[in-house]
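Presented below is the structure to which this report refers.
The values are calculated or read from the model by the stated rules, or taken from the named source; none is laboratory data. No experiment lies behind these values; they were computed from the predicted model shown. Glycine also receives a Cβ, built like all others from the backbone with ideal geometry; neighbour counts cover every protein chain displayed. To get the accessible areas, we keep the full protein, side chains included, count just its heavy atoms, and leave off ligands, DNA and RNA. Shrake-Rupley method; radii C 1.70, N 1.55, O 1.52, S 1.80 Å.
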Amino acid sequence: MAQAITPQVKAFLENDSETFSYVVFDQVGGHGVIIDPVLNFDYPSGRTSTELAQQQLDFVAEQGLTIDWVLETHAHADHLSAAPFLRDSLNAKVGIGAQITDVQGIFREVFALEPEFMTDGSQFDGLFVDGDTLTVGQLELKVLHSPGHTPADIAYLVNDQALFVGDTLFMPDVGTARCDFPGGSSQQLYRSIQRLLALPAATNIYVCHDYPKAGRSHEYLTTVAKQKADNIHVRDGIDEASFIAMRDERDATLGMPRLILPSIQVNIRAGEMPPADEQGKTFFKLPINAL
């Protein structure tokens, strides 16, 4: 493409799950995408709201944007997706990595989902494989398959300048994603990260979560150079064997994310709720001793 413009990025933090969601666009009045949208969910009451997604809609309206895609980096295990609300509000499409079919197959069995549930990814409007590109206004988004956290993780590289990594990498003082979910692999994660960190040093990296230690507030923006110099898990000098040993040992001590059971049931459906029963009521399943 011609000289690429600098992508404009607006970050939105959902505090309960410490998730960053992004509106990425080319210019005021132009085109953009929303990456990793969040549906607010109060677990004790089982109530949902579109508070954060509405903030994004308000921003989109203020900037006069056309949103072409609502994009997921993977089927998140720590928050519910607001993709259907944004898709319907913006007349957009919903996309995710093609390996979501593997994740759907795994969790169809875990949750003993209804026979009608399809594991072909047909719930999504777009399934992306490594090397795919999306053109959105003056933005070119390259898809980089980055498995390890889950088989389906992808990152989006926008105009060769801004990289949206999902859960693969966190801020340097937090480290990297866990790999103990079904289909995860610490070896794959290390190799995926090395590929991402082979991008130019000045490439901006936008994380999906931040879990700040005492003394700093939430942050979402780092760079390839900062990750290579300072990431506590994969900085330069940490080899594959050392990373695998550290990651596997650490993962063995971690409890499951608080919202994994409702989140997965929604997110493998492109953000839709499970089908309602005869009375029109919707329920999540709670598998016992399954994870």
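Data table
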{"read-out": "Cut-off 14 Å between beta-carbons: net charge of the residues surrounding LEU57, Lys and Arg +1, Asp and Glu -1", "value": "-2"}
{"read-out": "Descending Cα extents along the principal axes, the range 183-222, whole Å", "value": "32, 28, 14"}
{"read-out": "Heavy-atom accessible area per residue - the range 162-285, 1.4 Å, Å²", "value": "45"}
{"read-out": "Only Lys, Arg (+1) and Asp, Glu (-1) charged, at Cβ; the range 45-108 dipole about Cα centre in debye", "value": "240"}
{"read-out": "Area accessible to solvent at ASP16, 1.4 Å probe radius, in Å²", "value": "80"}
{"read-out": "All-pairs Cα distance distribution in the chain, expressed in whole percent, bin size 10 Å", "value": "6, 29, 37, 22, 5, 0"}
{"read-out": "Rounded percent of accessible protein surface that carbon and sulfur make up, the chain, 1.4 Å probe", "value": "49"}
{"read-out": "Dipole magnitude of the chain about its Cα centre (Cβ charges: Lys, Arg +1; Asp, Glu -1), debye to nearest 20", "value": "420"}
{"read-out": "Over 31 Å between alpha carbons, listed pairs LYS228/LYS285; LYS142/LYS285; LYS213/LYS285; LYS93/LYS226; LYS93/LYS213; LYS10/LYS142", "value": "LYS228/LYS285; LYS142/LYS285; LYS213/LYS285; LYS93/LYS226; LYS93/LYS213"}
{"read-out": "Net charge of Cβ neighbours under 10 Å - reference LEU157; Lys, Arg +1; Asp, Glu -1", "value": "-1"}
{"read-out": "Descending principal axes extents, the range 72-162, alpha-carbon based, whole Å", "value": "43, 32, 23"}
{"read-out": "Computed over the chain: relative contact order in percent, which uses C-alpha pairs under 8 Å that are six or more apart", "value": "17"}
{"read-out": "Cα-only Debye scattering, the range 127-259: base-10 log of I(q)/I(0) at q = 0.12, 0.18, 0.21 Å⁻¹", "value": "-0.45, -1.01, -1.33"}
{"read-out": "Computed over the range 189-291, Kirkwood Rh from alpha-carbon pairs, angstrom", "value": "17.3"}
{"read-out": "Contact order relative to length of the range 95-137, as percent, for alpha carbon pairs under 8 angstrom and 6 or more apart", "value": "56"}
{"read-out": "Accessible area, probe 1.4 Å, largest first, for residues ILE5, ILE268", "value": "ILE5, ILE268"}
{"read-out": "Quotient of Cα Rg and 2.2 N^0.38 Å for the range 1-154, N being how many residues it contains", "value": "1.07"}
{"read-out": "Accessible area of the range 59-116 divided out per residue, in Å², using a probe of 1.4 angstrom", "value": "36"}
{"read-out": "Relative contact order (%) - criterion: Cα under 8 Å, at least six apart; region: the range 36-175", "value": "19"}
{"read-out": "Bridge type composition, the chain - antiparallel percent by DSSP, nearest 5", "value": "70"}
